[in-house]
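Asks: Have a look at this one.
The values are calculated or read from the model by the stated rules, or taken from the named source; none is laboratory data. Everything numeric here is computed off the predicted structure, so don't read it as measured data. As a convention, Cβ positions derive from the backbone with ideal geometry for all residues, glycine included, and neighbour counts pool all protein chains shown.
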Amino acid sequence: MKRRLPFQVKLFLSLVLFSCLLLALLGTILFHFIDRQLHHDLGQRARVQASEIALMPGLADKVARRDIAGIAALIQPLRDQSDASYIVIGDVREQHLYHSESPERLNLPLIGGDNAEVLQGKTIISVRKGGIGVSLRSKAPIFDAQHQVIGIVSVGYLTSYIANINASLLWQASLYGVALLLLLFIFSWVFSRNLKKQMFWLEPKDIALLVLQQKALLEAMYEGVFAVNAEKQLILINRAARELLDLQQSEKELLGKPLDAVLQIHPAFLSQRDVHEPSRHHDQITVLNQRQVIVNRVAIELEPGEPSGWVCSFRDKNDINTLSSQLSQVKRYADNLRIMRHEQLNWTATLVGLLQMQRYDDAMRYIHAQSAGAQQVLDFVSARFTSPALCGLLLGKYVSAREKGVELKFDPACQLTRLPAALSETALMSVVGNVLDNAVDATLNVRPPANPIELYISDRNHELLIEVADQGCGVDEAIKPHLFEQGVTSKPTSGDDMLGSEHGIGLYLAAGYVHQAGGSIEISENAPQGTIFSIFIPFQPEFSTGLSHE
């Protein structure tokens, strides 16, 4: 009878063979990858240096006067700090005015034949043979005060210099490859041994029977159930879960895939902290495939205190939470309408008084003065944003901010005609409203007069961009990394967060909607003071949602 190798030995040999083949394949393409990446990086570095040198104050005047000594005095300090092989300055007639490595080439023609595009005002990257050899170089135009090209800046790296870097990197990579191969041998043996132990020393037939019994049990359950291993790879999913999450693939097609490649999940779901935390989680509200669900999670522990995976069961989120969210949004609209009604009553009372005194000319002037600004904002918002809900929100925020003494300015380039598929209109309202409220409160925290708040919304290119810039009190550097966490506040004394009375919840909710839509939020300093919130949400063209007037 033919003797079969033990499972552990077969797995070890398979892993070793695969690792050797993989390393051999990686070794054959390593040189080409390093060389291509190095050429790209050095090309971009040369481009940046050439562009910055071309914009140096005083260089254009010296080039126009052909002040060779002055150009050398201006560029030489930069040459001493640059790692480039050479820096060359030429005039519009393609003659050398400065050469860092070959001063004898002054007033001689530039070599390479790649100046045509530069003289047309373009910055290029090329590989050409020059006066000191073949080089990777970038050329940038020098403009005069009338934006006419009067010279050329060339920054280059010799190919011999690049080849030396490649050789050094390949030698280091070879040493790492040998060390990695040894580590893979050790890992393969340890892994195969531990895997055999985790299988409880069962035979394959016994494991197959247990799997079939488990599968029958899961298919009979009403709740959706899926399980992941420690690497967050899907190892189990039942029929109810696929139906609730609208997954068209079969279980066989889904198993083994990373969880985030199968489900659209919140970034905090199954975070690294949760993976190493043995406690259970019950009735946790999260989002799976744009569906709000209530999830129970239980760790799979082969050894106490060391989870090797998670089993998650879930069901549809209770409608009460959805109604609560809608009620909160309606309350915001009602508050905005109350503010607008209050201002309208004051305006009407003043107008009635003028009419009763028969001061009709003053009444007409008052009407024009009061309606001009509001009508201009109304016309702009309705023309630029096709979402009626967003128009109503922005008008309400405009009036509310004006009543508090803060002006809300709209960038003339604003435009919104569509939404990302992962971002609902209600979520957009929450994001814009919370960030604007944050900017108003930050502005009111500085001494009057309050500076205006600037808003920019655009769906151009491949992402939805929302920028809100204020000149308020700013955000402390220590708070920035935690600003979007629940309950975090930047107000030192009042106990309120940056959103007023929400106690650190507004920006947390806004960030949650943005991250669920696959976007990101950046915080930067505004000049001369204040903060700029930049929100980026990518579009998926085949799933983008168009907006139209109702």
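Asks: Quick check on segment 135-157: of everything there that is free of Cβ contacts under 8 Å to residues at least 60 places away in the same chain and not polar (S, T, N, Q), which residue is farthest from SER82 (Cα to Cα)?
Replies: Among them, the one singled out is HIS147.
Asks: SER424 versus (1) among the hydroxyl-bearing types (Ser, Thr, Tyr); (2) surrounded by fewer than 22 Cβ atoms within 10 Å (Cβ to Cβ); (3) touching a residue at least 24 places away in the same chain (Cβ under 8 Å): which is the lone unmet condition?
Replies: Status for SER424: all satisfied but (3).
Asks: I would also like to ask the following. If CYS473 satisfies every condition in (1) surrounded by 21 or more Cβ atoms within 10 Å (Cβ to Cβ); (2) more than 24 Å from the chain's Cα centre (by Cα); (3) farther than 28 Å from GLN375 by Cβ but one, which is the exception?
Replies: (1)
Asks: Inspect all residues belonging to segment 198-221 and state whether any of them is more than 26 Å from ASP61 (Cβ to Cβ) and at pLDDT 90 or above.
Replies: So far as segment 198-221 goes, no, none of its residues is more than 26 Å from ASP61 (Cβ to Cβ) and at pLDDT 90 or above.
Asks: Looking at (1) farther than 20 Å from LEU507 by Cα; (2) in contact with a Cys (Cβ under 8 Å, 6 or more places away or on another chain); (3) touching a residue at least 60 places away in the same chain (Cβ under 8 Å), can you tell me which one ALA442 breaks?
Replies: For ALA442, the exception is condition (1).
Asks: For SER19, indicate whether it is free of Cβ contacts under 8 Å to residues at least 12 places away in the same chain, in contact with a helix residue (DSSP H, G or I) (Cβ under 9 Å, 6 or more places away or on another chain) and not acidic (Asp, Glu).
Replies: So SER19 fails the test.
Asks: Has segment 383-390 got at least one residue that is assigned by TED's automatic domain parsing to the domain that holds VAL446, in a helix (DSSP H, G or I), surrounded by 18 or more Cβ atoms within 10 Å (Cβ to Cβ) and at pLDDT below 90?
Replies: Within segment 383-390 (the criterion being assigned by TED's automatic domain parsing to the domain that holds VAL446, in a helix (DSSP H, G or I), surrounded by 18 or more Cβ atoms within 10 Å (Cβ to Cβ) and at pLDDT below 90), the answer is yes, since at least one residue qualifies.
Asks: Within segment 26-56, take every residue that is among the small types (Gly, Ala, Ser) and surrounded by 17 or more Cβ atoms within 10 Å (Cβ to Cβ) and give me the one that is farthest from the chain's Cα centre (by Cα).
Replies: Among them, the one singled out is ALA54.
Asks: Another one. Only one residue in TYR176, TYR161 is of a type outside the set (Gly, Ala, Ser) and either within 30 Å of GLY58 (Cα to Cα) or modelled with pLDDT of 85 or more (or both), so which one is that?
Replies: Being of a type outside the set (Gly, Ala, Ser) and either within 30 Å of GLY58 (Cα to Cα) or modelled with pLDDT of 85 or more (or both) holds for just one of TYR176, TYR161, which is TYR161.
Asks: Another one. For ASP67, state whether it is of a type in the set (Asp, Glu) and closer than 13 Å to ILE89 by Cα.
Replies: In short, yes.
Asks: Condition first: modelled with pLDDT of 90 or more, of a type in the set (Val, Ile, Thr) and assigned by TED's automatic domain parsing to the domain that holds LEU170. Can you find one or more residues in segment 28-47 that meet it?
Replies: no
Asks: Just checking, how many residues over segment 220-246 are over 25 Å from PRO307 (Cβ atoms) and either surrounded by 13 or more Cβ atoms within 10 Å (Cβ to Cβ) or among the charged types (D, E, K, R) (or both)?
Replies: Summing the residues that are over 25 Å from PRO307 (Cβ atoms) and either surrounded by 13 or more Cβ atoms within 10 Å (Cβ to Cβ) or among the charged types (D, E, K, R) (or both) in segment 220-246 gives 3.
Asks: Determine if segment 497-505 includes at least one residue that is surrounded by 21 or more Cβ atoms within 10 Å (Cβ to Cβ), modelled with pLDDT under 80, in contact with a helix residue (DSSP H, G or I) (Cβ under 7 Å, 6 or more places away or on another chain) and not in a loop (DSSP other than H, G, I, E, B).
Replies: The answer is yes, given that some residue of segment 497-505 is surrounded by 21 or more Cβ atoms within 10 Å (Cβ to Cβ), modelled with pLDDT under 80, in contact with a helix residue (DSSP H, G or I) (Cβ under 7 Å, 6 or more places away or on another chain) and not in a loop (DSSP other than H, G, I, E, B).
Asks: Mind listing whichever residues of segment 57-101 are buried (at least 16 other Cβ atoms within 10 Å of the Cβ) and either in contact with a Cys (Cβ under 8 Å, 6 or more places away or on another chain) or among the basic types (Lys, Arg) (or both)?
Replies: LYS62, ARG79
Yes/no matrix, rows are residues, columns are (1) polar (S, T, N, Q); (2) assigned by TED's automatic domain parsing to the domain that holds THR286; (3) over 30 Å from LEU288 (Cα atoms); (4) at pLDDT below 85:
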residue: ASN445; (1), (2), (3), (4): yes, no, yes, no
residue: ASP459; (1), (2), (3), (4): no, no, no, no
residue: GLN486; (1), (2), (3), (4): yes, no, no, yes
residue: THR493; (1), (2), (3), (4): yes, no, yes, yes
residue: ILE521; (1), (2), (3), (4): no, no, no, no
residue: ASN526; (1), (2), (3), (4): yes, no, yes, no
residue: ILE532; (1), (2), (3), (4): no, no, yes, no
residue: ILE537; (1), (2), (3), (4): no, no, no, no
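Asks: Could we say that GLU277 is among the acidic types (Asp, Glu), outside the structural domain of ASN434 (by TED's automatic domain parsing), farther than 29 Å from VAL514 by Cα and at pLDDT below 75 here?
Replies: Criteria not met by GLU277.
Asks: To continue, here is another question. Determine which member of the set ARG402, ARG447 is more than 21 Å from GLN375 (Cβ to Cβ) and not aliphatic (A, V, I, L, M).
Replies: ARG447
Asks: Surrounded by fewer than 20 Cβ atoms within 10 Å (Cβ to Cβ), part of a helix (DSSP H, G or I) and either modelled with pLDDT of 90 or more or among the hydroxyl-bearing types (Ser, Thr, Tyr) (or both), is that true of SER430?
Replies: no
Asks: If you don't mind, another one. Looking only at segment 280-318, count how many residues are outside any strand (DSSP E or B) and buried (at least 19 other Cβ atoms within 10 Å of the Cβ).
Replies: 0
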